[in-house]
Amino acid sequence: MEVVDGPFVTRRQELGAASARSLLLTVLGEFVLPSGRPVWTSTLIELLGELDVAEKAARQAIMRTADSGWIEGSRVGRETRWELTSAGTRLLREGTDRIYGFAADERAWDGRWLVVTVGVPENERALRQRLRTQLGWAGMGSVNGNTWVSPWTEREPEAFGVLDELGLLGGSWSFVAAAGQIGAERSLARSAWDLDAIEGRYEDFLELVSGRRPRTDRQALVAQVRLIQAWRRFPLLDPGLPRDLLPPRWSGNRAAEVFRERHASWAPRAQLAWESVSRQD
């Protein structure tokens, strides 16, 4: 029996946990990006504090985000206010588009697959891991170490970019075609993606947000940030497969409905609270 040192972390606890910097980016993307207005250090520290981030960790997150070139500060007396840089604006806009686009209504599928074969030497373990990570981010699944698939053929340019960046275009091929009569497409999907693990994450998400019913505007603000923080992982975890390829009663459908409903319901009060907490003469 394996003995694990330290605290045991459940999937639900892991899903609810977040780094200070990740929470900061969620706040910036949800409230600072749409308004285009600067935000004070004290505002960020106050809100992050309500999200259980210690002041020291909050300040470190702000400075690391600034060091990355995503925000820039200006002094006003003894205070500092922060604005998004062009790089930060682009980063957060791409992120919010992916988060909310992922939760949009189901897309129609034309029945075609993108298939990419990649030749990577077995001894290039680091390269194989980078390939797996980046093609996974692009929503592709691995049937084996050399064959990648996606039901969304428009992802071919993204796959091309990954292979080009990794120097793997030579010896790689891509195909776009419908499935033949050998094998079931749902079995192919299960081979390429761990759908049971993804569904477990959705069930954890539903459990995590099920009891949240904010009574005040300030509670709505905190709940909204936590909701987005918990949801933002799914565009990377879930390839967004068509319904035809998913198991019956897929938990992701219910989770997306809950996310959209809660986000729309809490947004007006969360915005009022943000305007109140971010106001400083």
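Here, each number is a calculation from the coordinates, and none is a lab measurement. Computed from a predicted structure; not experimentally measured. Note that each Cβ is placed from the backbone with ideal geometry, even for glycine, and that neighbours are counted across all protein chains shown.
How compact is the chain by the rule of thumb for globular proteins, expressed as Cα Rg over 2.2 N^0.38 Å?
1.14
Under the rule a/c < 1.5 gives rounded, and otherwise a/b versus b/c splits prolate from oblate, where does segment 98-140 land using the Cα gyration tensor?
In terms of gyration-tensor shape, oblate.
I need the shape label for segment 29-70. Rule: rounded when a/c is under 1.5, else prolate if a/b > b/c, else oblate, with a, b, c from the alpha carbon gyration tensor.
oblate
Can you tell me which of Ala178, Ala61, Ala255 moves the most in a GNM of the chain? Springs connect C-alpha atoms under 10 Å apart.
Ala178
Given labels modelled 7 Å from the Cα in the Cβ direction, how far is it in nm from Arg233 to Lys56?
2.6 nm
Going by Cα centres, segment 232-281 and segment 168-231 are how many Å apart?
Segment 232-281 and segment 168-231 have Cα centres separated by 12 Å.
Go through 76-83, 87-94 and give me the packing order, highest mean Cβ count within 10 Å leading.
Sorting 76-83, 87-94 by mean packing, highest first, produces 87-94, 76-83.
Mind checking the dipole of the chain: about its Cα centre, +1 per Lys or Arg Cβ, -1 per Asp or Glu Cβ, Debye to the nearest 20?
Rounded to the nearest 20 debye, it is 600 debye.
Cα axis of helix 195-210 to longest principal axis of the chain: angle in degrees, 0 to 90, nearest 10?
Tilt of helix 195-210: around 20 degrees.
Per the helix-only calculation at 222 nm, which mean residue ellipticity applies to the chain, given -39500 (n - 2.57) for every DSSP H run of n ≥ 4 and division by its residues, nearest 500 deg cm²/dmol?
Result for the chain: -16500 deg cm²/dmol, rounded to the nearest 500.
Defining a contact as two alpha carbons under 8 Å apart and six or more residues distant in sequence, what relative contact order in percent does the chain show?
Result for the chain is 22 percent.
For segment 112-178, what relative contact order do you get, as a whole percent, if you take Cα pairs closer than 8 Å and at least 6 residues apart?
55 percent
Quickly work out the Asn144-to-Asn123 label distance, labels modelled 7 Å from Cα along the C-beta direction, and quote it in nm with one decimal.
That separation, rounded to one decimal, is 2.2 nm.
With the dipole of the chain worked out from charges on the C-beta (+1 for Lys and Arg, -1 for Asp and Glu) around the Cα centre, which of Met63, Val118, Pro242 lies farthest toward the positive end?
Met63
Under the definition of Cα pairs under 8 Å and six or more residues apart, what whole-number percent is the relative contact order of segment 12-102?
Over segment 12-102, the number comes to 32 percent.
Among Trp137, Pro157, Trp173, whose Cα projects farthest towards the positive end of the dipole of segment 112-178, with charges put on the beta-carbon of Lys, Arg (+1) and Asp, Glu (-1)?
Highest projection toward the positive end goes to Trp137.
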